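Chemist: Please find one structure pasted underneath; my questions will follow.
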Amino acid sequence: MGSSVMGGSGGAGSGIRFDGVSVAYGKNVVLDALDLTVEPGEVMALLGPSGSGKTTALRAVAGFVQPVAGRVFIGERDVTGLPPYKRGIGMVVQQYALFPHLRVEDNVAFGMKAQKVAKSEIPGRVAEALEMTGMAAYAKRFPRELSGGQQQRVAIARALAIRPGVLLLDEPLSALDAQLRSGMLAELARLHRELPDVSILYVTHDQVEALTLADRIAVMDKARLQDCGTPQELYRRPRTEFTASFVGNANLLPVQVGSGVVLFGGAELKVSTEEVASGATATLCVRPHLVGLGDGPNALTGTVAEVQWRGSTHRLYVEVDGQRVKADLRELRDPPGLGDEVTLHFAPEDAVLLSAGVGKHG
């Protein structure tokens, strides 16, 4: 079912390449020399805080902003100077942008009419796109008769109906409540499996969306690409403090690196030091769910500053040598109280040392 919807565009229009792309408004640089390749069929998430440059990068692909330097390629085509309607892209934004006076089927057909698709082809492609997004039964309704999640499905159907080689998603779930967002994440994952040739560029500030959907994540901050890798790489072996703190949750502790040893306050820790020079100041990264309670390797003793019950887990905040260490533990029957002294521990292989000033990744 999926492949037939996309049959028209295929490989030539698929894949995105940013070649030194910069965007500026006057002297304000909002995207700085971006080099990034999205492979054909890949889902690339652009993840970062507001103002990091991620939406600007997406708009440069769409043709809504013009770079002051660099080139944008879709497939083998240099599209830098092309207007949006000639780029063969589908785009979904957070406000859905449906036409309120048009029925669902006419909203989905709109892009094809703009692209001068043969009239005889349009009804079949509308039906296919609505079928893919689970909205076939709603073809005759108006947008006002749909829920937010249903409107978003129609927006996705409209983007798919033009058979794009590239699909751009700009915070597409941010206007939905948590339950709807979870359902739509599953739908987008299913769609991607059914459309193996379509490259997807997905802008989000939500790390769960990025970790769930993306083949790779490009981490953006201050108009620059900071890091890029698979979700597992960025989560388990982040290269920068920014990545460690933005992809998942992290304890980031200042440490001193000696000859084969790592010192945190008065504690001597066993952690691999092969990538950090002896005598350097570094940051130790360990994920809260990998921190255990009680004696074990790399023991840290401190005072409980806060206890949060989160349903299936307790989060402890423990003051150790002036730093607050987080531990996410399976729900405790008898959690420690504020001011109690506790010992935390973590396995050597679960910690990563980050050099001070680890370089930008591009």
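The values are calculated or read from the model by the stated rules, or taken from the named source; none is laboratory data. All of these numbers come straight from a predicted model, not from anything done at the bench. All Cβ positions, even for glycine, are placed from backbone atoms using ideal geometry, and neighbour counts span all protein chains on display.
Chemist: Looking for whichever is within 24 Å of M44 (Cα to Cα) and in contact with a Leu (Cβ under 6 Å, 6 or more places away or on another chain) here; the options are V92, V72, V68, V79. Which one fits?
Modeler: V92
Chemist: Within the group G229, G279, G258, G248, which residue is under 30 Å from L180 (Cα atoms) and modelled with pLDDT under 90? Write out each step before concluding.
Modeler: Working: G229 fails: modelled with pLDDT under 90; G279 fails: under 30 Å from L180 (Cα atoms); G258 fails: under 30 Å from L180 (Cα atoms).
Step by step, each of G229, G279, G258, G248 is checked, and only G248 is under 30 Å from L180 (Cα atoms) and modelled with pLDDT under 90.
Chemist: Which residue pairs have Cβ atoms under 6 Å apart, sit 6 or more places apart or on different chains, and have a first residue in the range 126-143 that is in contact (Cβ under 8 Å) with a residue 40 or more places away in the chain and within 19 Å of E187 (Cα to Cα) and a second that is surrounded by 19 or more Cβ atoms within 10 Å (Cβ to Cβ) and of a type in the set (G, A, S)?
Modeler: Going by the 6 Å Cβ cut-off, the qualifying pairs are A129/A157; A129/A161; T133/A157.
Chemist: Under 6 Å between Cβ atoms, at least 6 apart or on separate chains: pull out the pairs that start in the range 26-49 with a residue that is in the same structural domain as V65 (by TED's automatic domain parsing) and of a type in the set (F, W, Y) and end on any residue that is surrounded by fewer than 18 Cβ atoms within 10 Å (Cβ to Cβ) and at pLDDT below 95.
Modeler: Hits for this filter: zero, empty list.
Chemist: Applying the selection to the range 248-276, what residues are assigned to a loop (DSSP other than H, G, I, E, B) and either closer than 30 Å to R333 by Cα or without any contact (Cβ under 8 Å) to a residue 24 or more places away in the chain (or both)?
Modeler: Here is the first cut: in the range 248-276, the residues assigned to a loop (DSSP other than H, G, I, E, B) are 248-250, 258-261, 265-266, 270-276.
Correct list: G248, N249, A250, G258, S259, G260, V261, E274.
Chemist: Answer yes or no as to whether G279 is surrounded by fewer than 19 Cβ atoms within 10 Å (Cβ to Cβ) and under 16 Å from P254 (Cα atoms).
Modeler: So G279 passes the test.
Chemist: Same structure again: In the range 126-176, which residue that is crowded, with 21+ Cβ neighbours inside 10 Å and among the basic types (K, R) is farthest from V61 (Cα to Cα)?
Modeler: R153
Chemist: Okay, moving on. Is it fair to say R310 is of a type in the set (K, R), surrounded by fewer than 15 Cβ atoms within 10 Å (Cβ to Cβ), within 27 Å of the chain's Cα centre (by Cα) and closer than 26 Å to L234 by Cα?
Modeler: It is true that R310 is of a type in the set (K, R), surrounded by fewer than 15 Cβ atoms within 10 Å (Cβ to Cβ), within 27 Å of the chain's Cα centre (by Cα) and closer than 26 Å to L234 by Cα.
Chemist: Being out of contact with any helix residue (DSSP H, G or I) (no Cβ under 8 Å at 6 or more places or on another chain) and either farther than 19 Å from L47 by Cα or crowded, with 19+ Cβ neighbours inside 10 Å (or both): is that true of Q179 here?
Modeler: yes
Chemist: Please name all residue pairs, on different chains or six or more residues apart, with Cβ atoms under 8 Å, provided the first residue is in the range 72-84 and is on the phi > 0 side of the Ramachandran plot and the second residue is surrounded by fewer than 19 Cβ atoms within 10 Å (Cβ to Cβ) and modelled with pLDDT of 90 or more.
Modeler: G75/P40
Chemist: I would also like to ask the following. Can you give me the ranges of the strands (runs of 3 or more DSSP E) entirely in the range 280-362 with at least 1 residues that are touching a residue at least 12 places away in the same chain (Cβ under 8 Å) and either in contact with a His (Cβ under 9 Å, 6 or more places away or on another chain) or more than 16 Å from S245 (Cβ to Cβ) (or both)?
Modeler: 281-286, 300-309, 313-320, 323-330, 341-345
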